[in-house]
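Engineer: The structure is given below, and queries will be raised subsequently.
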Amino acid sequence: MTVLTIAGKELRTYFASPLAYVVTAGFLVVTGIFFALSVILTNQASLRFALDNFRVIFLFITPLITMRLLAEEQATGTIELVLTSPVRDWELVLGKFLGALALLGVMLGLTLYYPFLLFIYGRPDPGPIISGYLGLILLGAGFIAIGLFTSALTKNQIIAAVLAFALLLVFWLAAPIGDVFQGVVRDVLRYLSAIDHYTDFSRGVIDTKDIVYYLSLTAAALFATVQVVGARRWI
């Protein structure tokens, strides 16, 4: 119950400030452009081109969503009050993660208008659309968890956003960086690629290994965040 209470508070906080509205408006404008280009350029009732580009937007908006989650608590000093309360570290981290993920879910939910239009005026294959959205949610969860981790490292929201973007860029470019190397290093870097694991989702294929990758990435980032928050009790 504590986790859901924190998540609900975070979601209300987002919509109590202009940040959620500005980020959501920008997200809808850009996704709308990608959707229009997808239909015009491919002349097909398909969202594949659009969904592939939605993930690019995640690279920029998730640091904006997560930068204040724990950095603001540290800047205002409220983190000390939270840490001395009965709330456990993992409950605080998981609650903030779910609050940010809920905001991303709302934003993605608003884009369901695009497949709705396709089903009205065409006959799209629902498989790639469903798997594409599932992949975006998993990808977004991993990115938000990484952003939450960087927000725990500093009290400066801008630094938190820049660190998050830098880390996300590493996971984004892991595959091409891996191609520079050979052997185990190449295999490891290619496996860490957040983009390669999304490819099958956009094709309508839901592979267990890709789901396990995103869930592992999310769990690892949340675990690291809990450790950072726990360490602050002794500082």
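The values are calculated or read from the model by the stated rules, or taken from the named source; none is laboratory data. Predicted model only: the values in this text are computed from it and were never measured. All Cβ positions, glycine included, derive from the backbone under ideal geometry; neighbour counts span all protein chains shown. Remember, those area values only see protein heavy atoms, side chains included, never the ligands or the DNA or RNA. Shrake-Rupley method; radii C 1.70, N 1.55, O 1.52, S 1.80 Å.
Engineer: Determine whether the stretch 29-44 contains at least one residue that is of a type in the set (Ser, Thr, Tyr) and within 20 Å of the chain's Cα centre (by Cα).
Structural biologist: We begin by selecting, within the stretch 29-44, every residue of a type in the set (Ser, Thr, Tyr); these are 31, 38, 42.
Imposing the further condition that a residue be within 20 Å of the chain's Cα centre (by Cα) reduces the set to 31.
Yes, some residue in the stretch 29-44 is of a type in the set (Ser, Thr, Tyr) and within 20 Å of the chain's Cα centre (by Cα).
Engineer: Scan the stretch 117-130 and tell me whether some residue there is among the hydroxyl-bearing types (Ser, Thr, Tyr), over 13 Å from the mean Cα position of the chain (by Cα) and open to solvent by less than 60 Å² (accessible area, probe 1.4 Å).
Structural biologist: no
Engineer: So Pro86 ticks every box in (1) open to solvent by 30 Å² or more (accessible area, probe 1.4 Å); (2) under 15 Å from Thr225 (Cα atoms) but one. Which box is left unticked?
Structural biologist: Unmet for Pro86, out of (1) open to solvent by 30 Å² or more (accessible area, probe 1.4 Å); (2) under 15 Å from Thr225 (Cα atoms): (2).
Engineer: Residue by residue through the stretch 1-12, note down the ones that are over 14 Å from Val106 (Cβ atoms) and open to solvent by less than 50 Å² (accessible area, probe 1.4 Å). Spell out the reasoning first.
Structural biologist: Filtering the stretch 1-12 down to residues over 14 Å from Val106 (Cβ atoms) leaves 1-6, 9.
Listed by number, the residues that qualify are Val3, Ile6.
Engineer: For the stretch 197-208, what are the residues that are open to solvent by less than 60 Å² (accessible area, probe 1.4 Å) and of a type in the set (D, E, K, R)?
Structural biologist: In the first step, residues of the stretch 197-208 are kept if they are open to solvent by less than 60 Å² (accessible area, probe 1.4 Å); the result is 197-202, 204, 207.
Within the stretch 197-208, Asp200, Asp207 qualify.
Engineer: Find the residue count for the stretch 164-217, including only residues that are assigned to a helix (DSSP H, G or I) and among the acidic types (Asp, Glu).
Structural biologist: Applying the first criterion (assigned to a helix (DSSP H, G or I)) to the stretch 164-217 yields 164-172, 174-178, 183-192, 196-202, 208-217.
Okay, now just the ones that are also among the acidic types (Asp, Glu), so 187, 196, 200, 210.
Residues meeting the conditions: 4.
Engineer: Could you list, in sequence order, all residues of the stretch 19-61 that are surrounded by fewer than 18 Cβ atoms within 10 Å (Cβ to Cβ) and aromatic (Phe, Trp, Tyr)?
Structural biologist: Tyr21, Phe49, Phe60
Engineer: Here are some conditions: (1) part of a helix (DSSP H, G or I); (2) open to solvent by 10 Å² or more (accessible area, probe 1.4 Å); (3) over 20 Å from Leu11 (Cβ atoms). Gly105 meets all but one. Which one does it not meet?
Structural biologist: (3) is the only condition that Gly105 fails.
Engineer: Within the stretch 160-179, count every residue that is surrounded by fewer than 18 Cβ atoms within 10 Å (Cβ to Cβ) and either in contact (Cβ under 8 Å) with a residue 60 or more places away in the chain or under 13 Å from Ser193 (Cβ atoms) (or both). Give the derivation first.
Structural biologist: Quick first cut of the stretch 160-179, residues surrounded by fewer than 18 Cβ atoms within 10 Å (Cβ to Cβ) only: 162, 166-167, 169-170, 173, 176-177, 179.
Then drop every residue that is not either in contact (Cβ under 8 Å) with a residue 60 or more places away in the chain or under 13 Å from Ser193 (Cβ atoms) (or both), which leaves 162, 169-170, 173, 176-177, 179.
Adding up the residues that qualify gives 7.
Engineer: Give the number of residues within the stretch 131-140 that are closer than 16 Å to Thr31 by Cα, among the aliphatic types (A, V, I, L, M) and surrounded by 20 or more Cβ atoms within 10 Å (Cβ to Cβ).
Structural biologist: 1
Engineer: Could you tell me whether Val56 is part of a helix (DSSP H, G or I) and under 30 Å from Arg123 (Cβ atoms)?
Structural biologist: On the way: part of a helix (DSSP H, G or I): yes; under 30 Å from Arg123 (Cβ atoms): yes.
Judged against the criteria, Val56 is a match.
Engineer: One residue is enough: does the stretch 209-232 have a residue meeting the conditions more than 21 Å from Met107 (Cβ to Cβ), open to solvent by 50 Å² or more (accessible area, probe 1.4 Å), hydroxyl-bearing (Ser, Thr, Tyr) and under 16 Å from the mean Cα position of the chain (by Cα)?
Structural biologist: Within the stretch 209-232, one or more residues are more than 21 Å from Met107 (Cβ to Cβ), open to solvent by 50 Å² or more (accessible area, probe 1.4 Å), hydroxyl-bearing (Ser, Thr, Tyr) and under 16 Å from the mean Cα position of the chain (by Cα).
Engineer: On to the next question. For Leu28, are the conditions met, namely being touching a residue at least 40 places away in the same chain (Cβ under 8 Å), in a helix (DSSP H, G or I), over 19 Å from Ser202 (Cα atoms) and not charged (D, E, K, R)? Don't jump to the end; show me each part of the working.
Structural biologist: Working: touching a residue at least 40 places away in the same chain (Cβ under 8 Å): yes; in a helix (DSSP H, G or I): yes; over 19 Å from Ser202 (Cα atoms): yes; not charged (D, E, K, R): yes.
So Leu28 fits the description; yes.
Engineer: Follow-up. Starting from the stretch 68-89, keep only residues that are within 14 Å of Leu153 (Cβ to Cβ), then list their pairs with residues that are among the basic types (Lys, Arg) and in a helix (DSSP H, G or I) whose Cβ atoms are within a distance under 6 Å, requiring at least 6 positions of separation or different chains.
Structural biologist: That search, which allows pairs on different chains as well, returns Leu69/Lys96.
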